[in-house]
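Student: Take this structure first; my questions come after.
The values are calculated or read from the model by the stated rules, or taken from the named source; none is laboratory data. Please read all numbers here as calculations on a predicted model, not as lab measurements. FYI the Cβ positions are ideal-geometry reconstructions off the backbone, even for glycines, and counts take in every protein chain you see.
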Amino acid sequence: MRLQKICLALVGFQLAICRNFYDQNGDITELSPKTFDKVVHRTNYTTLVEFYAPWCGYCQQLTGIMKKAAKNLDGIVQVASVNCDEAKNKRLCAQHRVEGFPTLMVFRPPKFDLNKGPEERLLLGNHASEVYKGERKLKPLVDFCVSRVKNYVTRLQKIEKLVQLLSQSNNSRLKAVLFSRKDKISPLYKSLALDWLGVIDFHVLLNSKLQASEDQLSGLSEETRDFLLDFQKTQAASETSKLVVFDTASNKHLVYDGTSFDKQSIWSFLSQWVEPREGISTKRQEYLDSLKTRSKSRNKKINKKKMTQEEKFAHDEL
Ligand SMILES: *[C@@H]1O[C@H](CO)[C@@H](O)[C@H](O)[C@H]1NC(C)=O
Ligand SMILES: *[C@@H]1O[C@H](CO)[C@@H](O)[C@H](O)[C@H]1NC(C)=O
């Protein structure tokens with residue numbers, strides 16, 4: 001009865017829309033037993049799931065924060081929800097030992113080891129789940145989710161490591177190296193490593209460690225060595241970060257010259273080499289989009305425009 005009142009107040013006669021909180025939201029996926037595993041477990045992404053009941057007051061209060069968190073985490077952590085009041089979802093909520101509403105749970109993927117064979121990889125289990133017990137406020141929630149993103153970016157501690165990496169005896173995968181002004185690896189960069197996992201390896205080297213003599217670079221091909229000798233002149237003391245992709249098999253490299261470090265721009269740059277496994281333009285993304293209604297994708301565009309800098313703090317530059 002109470003639910004009906006809220007719904008009537010919100011959308012007049014369109015009761016159906018009120019079945020779930022986020023049916024109209026382009027950033028949050030309402031899950032069911034049919035979609036839960038595929039969305040939450042069959043990915044290298046971390047997922048925040050809110051288990052809720054529409055009649056619960058705390059859940060209603062949380063919707064604003066959930067929507068902002070989802071915008072903030074877009075492309076970095078998946079955000080989904082389960083309406084535990086729906087008959088078809090009751091078992092799913094029980095399986096996850098949901099006892100109170102809202103329950104915020106973060107699902108963290110197992111570490112994927114590229115050096116293991118396909119069979120061993122298949123033995124990797126489901127994601128580990130963890131109940132979020134922190135404050136139900138935007139920043140702590142987003143920070144917690146971001147801290148649960150698997151990191152596949154390797155820090156190169158010194159120039160010798162870069163030389164080792166770019167020598168032809170190293171593996172044949174493409175290598176992205178961020179020559180960085182800061183030590184912290186941004187969530188956005190980690191998410192790129194997730195999208196191209198197994199296809200492009202991602203690394204970071206501090207600008208200040210780029211200085212090298214010709215001797216130190218002698219293990220490299222002529223092209224790569226000449227490039228680095230020239231590049232370090234400006235980059236070693238630079239206050240900005242630069243992303244470079246190296247193809248050690250053909251001694252090619254390409255510097256990202258874009259000024260914008262948003263995911264779409266970097267996707268355009270990296271996908272010239274090879275398509276990602278997850279994220280923009282993949283089959284999986286199509287599937288995720290298909291779980292959202294048409295009105296949802298329209299909403300998403302509108303949402304994007306309205307996103308303020310303050311709301312985007314998880315999208316720190318690289
Ligand atoms: C994680 O990424 C690897 C490499 O792309 C892939 O083989 C694996 O299936 C992914 N894991 C899941 C659960 O999708
Ligand atoms: C490839 O480069 C990485 C990073 O420097 C290094 O740890 C690894 O030992 C190298 N592998 C080979 C086969 O040279």
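Student: State which residue pairs qualify: first residue not assigned by the TED database to the domain that holds R108 and inside the range 152-174, second residue exposed (fewer than 13 other Cβ atoms within 10 Å of the Cβ) in any location, beta carbons under 6 Å apart, and separation of 6 or more residues or different chains.
Tutor: Sorted first by the residue in the range 152-174, then by its partner, the pairs are S172/A249.
Student: Would you point out which residue out of S250, S281 is in the same structural domain as V177 (by the TED database) and either more than 25 Å from R181 (Cα to Cα) or of a type in the set (G, A, S) (or both)?
Tutor: Result of the check over S250, S281: S250.
Student: Within the bounds of the range 113-123, is there any residue that is outside any loop (DSSP other than H, G, I, E, B), more than 16 Å from ligand 2 (Cβ to nearest atom) and at pLDDT 95 or above?
Tutor: No, the range 113-123 contains no residue that is outside any loop (DSSP other than H, G, I, E, B), more than 16 Å from ligand 2 (Cβ to nearest atom) and at pLDDT 95 or above.
Student: Further question: Only one of N44, N83 is more than 16 Å from ligand 1 (Cβ to nearest atom) and among the polar types (S, T, N, Q); which?
Tutor: N83
Student: Continuing with the same structure: Output the number of the condition that K71 fails; it satisfies all remaining conditions of (1) of a type in the set (K, R); (2) surrounded by 19 or more Cβ atoms within 10 Å (Cβ to Cβ); (3) farther than 26 Å from D262 by Cα.
Tutor: So K71 meets the others, but not (3).
Student: Residue check: is F144 at pLDDT 95 or above, outside the structural domain of S241 (by the TED database) and among the aromatic types (F, W, Y)?
Tutor: yes
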